[in-house]
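Shown next, in structure tokens, is the structure this report addresses.
Every number in this text was worked out from the coordinates using simple rules, so none of it is lab data. What you are looking at is a predicted structure, and each value in this text was computed from that prediction instead of being measured. All Cβ positions, even for glycine, are placed from backbone atoms using ideal geometry, and neighbour counts span all protein chains on display.
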Amino acid sequence: MAAIIGVLAAATLAIGESGRLDLMSLSERGVIEAHLDAWYGGDFEAASELRAEQKLRTGPTDERARAEVGYQAALDARTDLLGCEPLPPSTFRCDVSYSNVLNEAVGKAPAVVAQQFGIEHGRILFVAGPYLHDEMLTASFRRFAGLLFPTAYDESCTDEPGLQPLECADFKLAHLEDWASWHHIEYG
């Protein structure tokens with residue numbers, strides 16, 4: 001009985017919005033939440049401090065990561081950790097809600113994306129899974145920009161979806177209202 005109480009004391013049990021049972025330590029959940037807050041909130045230094053040593057981690061170069069953090073901050077990205085399940089060793093599959101100014105502009109609820117987080121010694125080893133974005137809104141904006149500004153869009157948003165530079169956020173913000181009106185007509 002003491003062993004069971006000890007396990008429960010070391011873990012947090014919560015039902016996430018996804019309806020799944022979470023069983024992870026508070027520190028593991030805290031690392032993932034801190035990573036999401038820093039990465040999507042525009043704090044590259046805090047996001048970097050959460051990453052494991054270069055030799056252990058995978059992911060973008062610091063230059064690409066800094067650009068992506070700036071892109072997400074410019075678009076006022078927001079995330080919420082909905083629920084996680086452990087995938088031993090040291091990996092968690094989590095549902096993450098994601099939204100940004102595009103969601104706001106057209107009144108669409110956040111997208112929910114499943115990602116895996118590798119954690120070791122309180123550091124992020126890797127983040128795997130689909131790129132956090134709203135697939136439908138990304139495709140809609142791409143279609144809009146491709147019709148009206150194909151060259152400028154291609155130059156600004158090189159590999160969308162994927163890691164993006166600040167220029168892509170600037171492009172989206174410059175055309176946000178026109179896109180939202182077009183989106184409502186096309187997808188309304």
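Backbone geometry of the range 119-130 corresponds, through the Karplus equation with coefficients 6.51, -1.76 and 1.60 at θ = phi - 60°, to 3J(HN,Hα) couplings of 10, 8, 6, x, 10, 7, 7, 7, 10, 10, x, x Hz, x marking Gly and Pro.
Rounded to whole numbers, the Karplus 3J(HN,Hα) couplings from phi for the range 179-187 are 4, 4, 4, 4, 4, 4, 6, 6, 10 Hz, using 6.51 cos²θ - 1.76 cosθ + 1.60 with θ = phi - 60°, and x at Gly and Pro. Extension gain for the segment Arg93 to Arg142, taken as residue separation times 0.36 nm less the Cα-Cα distance, is 14.7 nm to one decimal. Measuring r between the beta carbons of Glu85 and His121 and using R0 = 25 Å, the FRET efficiency lands at 0.75. Please list, in order along the range 80-91, the HN-Hα scalar couplings obtained from phi with the Karplus expression 6.51 cos²θ - 1.76 cosθ + 1.60 (θ = phi - 60°), rounded to whole Hz, x for Gly and Pro. Rounded to whole hertz, the list is 8, 7, 8, x, 9, 9, x, 10, x, x, 6, 10.
Around the amide H of Glu120, modelled in the peptide plane, lie the amide H atoms of Leu125, all under 5 Å away and 5 or more residues distant in sequence or on another chain.
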